[in-house]
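FYI, it's all coordinate maths here, none of it is from the lab. Just so it is clear, the structure is predicted and the values come from calculations on it, not from any experiment. All Cβ positions, glycine included, derive from the backbone under ideal geometry; neighbour counts span all protein chains shown.
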Amino acid sequence: MGHFHPPSPIPNLMLIFDQSRSGRRAHAQSPGAAPAADDLPAELLRGLPPPLPEVSELDVVRHYTRLSQQNFSIDTQFYPLGSCTMKYNPRACNALAMLPQLLARHPLADAETGQGVLACLFELQEMLQAVTGMAGVSLAPMAGAQGEFAGVAMIRAYHVARGDAARREIIVPDAAHGTNPATAIMCGYQVREIPTDRQGDVDLDALRAAVGPHTAGLMLTNPSTLGVFEQTIVDIQRIVHDAGGLTYYDGANLNAILGRVRPGDMGFDVIHMNLHKTFSTPHGGGGPGAGPVGVSERLLPFLPIPLVVEERGFYRLAEEADRPQSIGRMSAFGGNVGVLLRAWVYARLLGREGMQRVADYAALNANYLAAELRRAGFDLAFPERRASHEFIVTLKKLKDATGVTAMDFAKRLLDYGFHAPTTYFPLLVPECLLIEPTETEAKATLDAFVAAMVKVKQEAETEPALVKAAPHSLPVRRLDDVRAARELDLVWKAPK
Amino acid sequence: MPFIPHTEQDVAEMLASIGAASIDDLFDEIPAELRCAGLPGVPAGLTEMAVTRLMHGRAAQDGHWSNFTGAGAYEHHIPAAIWQIVTRGEFYSAYTPYQAEASQGTLQLLYEYQSMMAGLTAMEVSNASLYDGASALGEAILMAVRANKAGVKRVLLPASVHPRYRAVARTVVGNQGIELIELPYCMERGHTLPEALEAHAAEPAAALVVPQPNFFGVLEPVDALTDWAHAHGMLAIGVVNPVSLALLKPPGQWGKRGADICVGDGQPLGIPLSSGGPYFGFMTTRQALVRQMPGRIVGRTVDMDGRPGFTLTLQAREQHIRRSKATSNICTNQGLLVTAATLYLALMGPQGLKEVALASHARTRALVDRLTAIAGVTRVFSGAYFHEAALRLPADADEVLRALRAQGILGGHPLARDYAELADGILVCATETKTDDDLTDYAQKLSRILSRRREAPPCAYKS
């Protein structure tokens, strides 16, 4: 008798197309036979059927269930991905946003048919306004980057409405997310980068030198992507505002200050929020997000539509006719309503006390993890500073001594069952790991993570080849990115 | 404390490790005058039980409707398996697959999705999705302008394209000095006339947008329009309904050379209507234009042992690498919705999808037959239509729709809001979800409403 080889726990899977058999189908999903479309002109019809797989319902369920098992996720692993706020996504948020009546409602149905959903959206608008200290909020943008776009477009609309057309530049600190400069360009602006000082704050002298009558605005993340609060925020605001520019708050790190300090109180003119971070809507393998924007008084007329308004207890959408100066629509309908409903559930579950606890415990977890890692011999990028909700470890010394890079280190952490922190961002700290534990992780998890970090560091020092070749226990080993880009294989093709 | 696992002992030990006396101390770098005392504008927290009761009440308030509105969002049956799998934590609570080895599930699924969309549209490559169909059109216009070597910043946009898509395209491209030229449609047939394009033949443009079917459900002469665009040095951007492509000629086969970029909304593929979102936008194109394409793209490659695997690729186009030189500021896509659409397309297969398209079209034809049998109800356009049609009512459209709504029917979308010349026009749609009884119910109610109005016009009971 030959040797029995048990299958590896997560076998490398075939494509769904490889499972296709001509004539097989998920019969229960057939709507039944229908008459031919004999009224349609023949020259507009499709010849060959589309090359979709022919599989059974069980084939589909099994294939995609098994694919899901090849993912790391918050529900299965600690996911300390800096700047992404991978906190627990409460199941109630999903269950309640998927009630049948909510799912079935057509986007163009009258407001009379949607008083329930519109009430939730209106309350979410009000709650977001309250936690950010802004004068008005629009839920229209469908993602953080779209919120950024809306924000900068409003800055532009404001200057244009005042006949102040010479302002053509947006200032962005070098630590900013790549979306900031990319957004400024999409809004027709030029980008001026300014440096960060050694403490991780914006370099005020560089800022003073950069502003002028050409300045449309400044985009700032606070706490910054370096994981520290801009201590000179009041000066920054004064410098930009005195020059006639507006200030933009990138809400990527709002989780760090929720309920502690509000962007409106810091003097910002416009902000976006990532509800998939701070308000715990799912990341979904990369979307859908939601990126509501908030504005100060002077930008109110420019908010993207639709807005939800309440008149004597009746909710409706305010559109073009109500909002003639709006920068316009971001989506065909009302934005990512299903995501907004999940955020509403989350906000109602937390309430005002719960929202304050978010920043408290996010900061506690981050500072504890930073302290423990420092104690274990890791270098913090800004050891003199308080961590906000995240912090940076730099592996520069380890790399110089062993050749093991931040990327190698991150890959080895996967073997220990931890999702890697963000690597190589922000760009100005060499060999960096940006670590954000979030408030929903328990001390025991953080301790286990520290132990894994220590173990990998020991391995790097004693057995660097092991770390450099990691991961070893996942469905695939390290992938050839160069080949992926050079020999593009982006779609499956039927064998000839 | 919802979702905070810390015990008092944990907090004490952690503060001791940090060397802080209290959690308050952790915020000591924030200027004191900026800190807020509390959040009076936010209500107190509720238990899950209380929020559940509240939300069930609100959902019940919104109720159930017999819906005959399409206009860019379509009520199709959604197989039960789809959302049970999509909401598995491993898909639901994962993030963008930056760590490829720990994200093979999402990455392989996206590769399969790209393959399905490329196949459905008969184009060479696909991205991993954009926000929605309307913003995808905006991105396609930016892409066509980027690809134009002469730097032409003008795009021809027919008025028969969904009005909301045109509005979003204006928002997306408006700040980059791109001119969108609106093309009229034929009032009799309801589509763009190739001869009407000749007025624009002299001025260069980067692209012509070609919707199929167009907003009115009418089929456009896509071959002639695509060929005209190419003859005048423009790209052709197709805007399509993915379900229709099981039946209609795909953009990659339009005209002699096929469309260059194809976009649309993926909502009909297993995504609930949900008051407008989240949906997803798709984009497919030619291989030659792939480096101009925005959004995430997944490629198949091999690992160190030569085994196949999947990874994000061509990231040099993207904001996190290229910053101000990126093709777009887009980061995430609509991953979870793409997951649903991939399962939908796999479950339906080529035959199932064609049956959905045929059944939807047959129901709409039957609906149009029954409604136009009522005195005074006529089709607005004579052109062939797919699965959606514009009808003219012998009365004020808003009033009739209100009366239908009072009887539980969402009778369609009024056209006057976006097309002043089509006052009294409504756009109706029936999909495979509608039974014969549903169609009869709609026709009978409409007939009664219209005949009551003939007997007693509104002014009679106003006085």
### Alpha-carbon gyration tensor eigenvalues x 5, square-rooted, for the range A:214-340, Å
27, 21, 13
### Message
If I histogram all Cα-Cα distances within chain B using bins 20 Å wide from 0, what percent of pairs lands in each bin?
### Response
21, 47, 26, 6, 0
### Task
Please name which of B:Pro213, A:Phe382, B:Ile426 has its Cα lying farthest along the dipole of the protein assembly as shown towards the positive end, using unit charges on Cβ (Lys, Arg +1; Asp, Glu -1) and the Cα centre as origin.
B:Pro213
### Query
Roughly how big is chain B's charge dipole about its Cα centre, with Cβ charges of +1 (Lys, Arg) and -1 (Asp, Glu), in debye to the nearest 20?
1320
### Query
At a Förster distance of 22 Å, what's the computed FRET efficiency of A:Arg486 paired with B:Lys149, Cβ-Cβ distance as r, to 0.05?
0.35
#### Entry: Calculated P(r) of the range B:322-368 - Cα pairs past 15 Å, %
66
#### Entry: Exposure proxy order (Cβ contacts within 10 Å, fewest to most) of A:Val202, A:Val160
A:Val160, A:Val202
### Message
Using only Cα atoms and rounding to the nearest 10 degrees, what angle (0 to 90) does helix B:48-62 make with the longest principal axis of chain B?
### Response
10
### Task
Let me know the charge dipole size of the range B:8-62 about its Cα centre in debye, to the nearest 20, where only the beta-carbon of Lys, Arg (+1) and Asp, Glu (-1) is charged.
500
### Query
Average partner chain C-beta neighbours within 10 Å, per residue of A:361-372?
6
### Query
Taking a label point 7 Å from the Cα of B:Glu29 along the Cα→Cβ vector, which residues of the range A:367-392 have an amide N closer than 19 Å to it?
A:367-375, A:378-392
### Message
Tell me the mean residue ellipticity at 222 nm calculated for the protein assembly as shown from its helices only (DSSP H runs of n ≥ 4, each -39500 (n - 2.57), averaged over every residue, nearest 500).
### Response
-11000 deg cm²/dmol
### Summary
Ratio for the range B:80-343, C-alpha Rg to 2.2 N^0.38 Å, reads 1.00
### Query
Given a Förster radius of 41 Å and the C-beta distance between B:Ser17 and B:Ile321 as r, what FRET efficiency does 1/(1 + (r/R0)^6) yield to the nearest 0.05?
0.65
### Formal net charge of residues neighbouring B:Val222 (Cβ-Cβ distance under 11 Å; K, R +1; D, E -1)
-3
#### Entry: Shielding by partners, peptide B:246-252 (average Cβ within 10 angstrom, other chains)
4
### Query
Ranked by Cβ crowding within 10 angstrom, fewest neighbours first, how are B:Lys325, B:Lys149, A:Lys277 ordered?
B:Lys149, B:Lys325, A:Lys277
### Task
Calculate the radius of gyration of the Cα atoms of the range B:8-62 to one decimal place, then report Dmax, the largest Cα-Cα distance, as a whole number, both in Å.
18.9, 53
#### Entry: Largest-first ellipsoid semi-axes for chain A, taking √(5λ) over the Cα gyration tensor eigenvalues, angstrom
38, 36, 22
### Task
Among A:Phe78, A:Phe279, rank each residue by its count of other Cβ atoms within 10 Å, from fewest to most, as a rough exposure measure.
A:Phe78, A:Phe279
## Note on the structure
In chain A, taking the dipole from +1 charges on Lys and Arg beta carbons and -1 charges on Asp and Glu beta carbons about the Cα centre, the listed residue (A:Ala406, A:Gly335, A:Ala97) farthest towards the positive end is A:Ala406
### Task
Over all alpha-carbon pairs in the range A:59-216, figure out the percentage whose distance exceeds 26 Å.
54
### Debye, to nearest 20: dipole size of the range A:312-358, +1 on Lys, Arg Cβ, -1 on Asp, Glu Cβ
220
### Task
Pop the C-beta distance of A:Glu297 and A:Gln190 into the FRET formula with R0 = 22 Å and round what comes out to the nearest 0.05.
0.20
### Per principal axis, descending, Cα span of the range B:326-399 in whole Å
53, 35, 24
#### Entry: For the range A:203-208, Karplus couplings with θ = phi - 60° (6.51, -1.76, 1.60), whole Hz, Gly/Pro x
6, 5, 5, 5, 5, 4
### Task
With a bin width of 20 angstrom, please list the P(r) values of the protein assembly as shown as percents of all Cα-Cα pairs, from the 0 bin to the one holding the largest distance.
14, 47, 32, 6, 0
### Residue-span extension gain [B:Asp441 to B:Met187] - 0.36 nm each, minus C-alpha spacing
88.4 nm
### Query
So what's the projected area for the range A:117-171, the Cα convex hull averaged over all directions, in nm²?
5.0
### Task
Using only atoms on other chains, find how many Cβ atoms lie within 10 Å of each Cβ of peptide A:237-249 and report the average.
0
### Query
Can you give the convex hull volume of the alpha carbon atoms of the range A:92-350 per residue, in Å³?
123
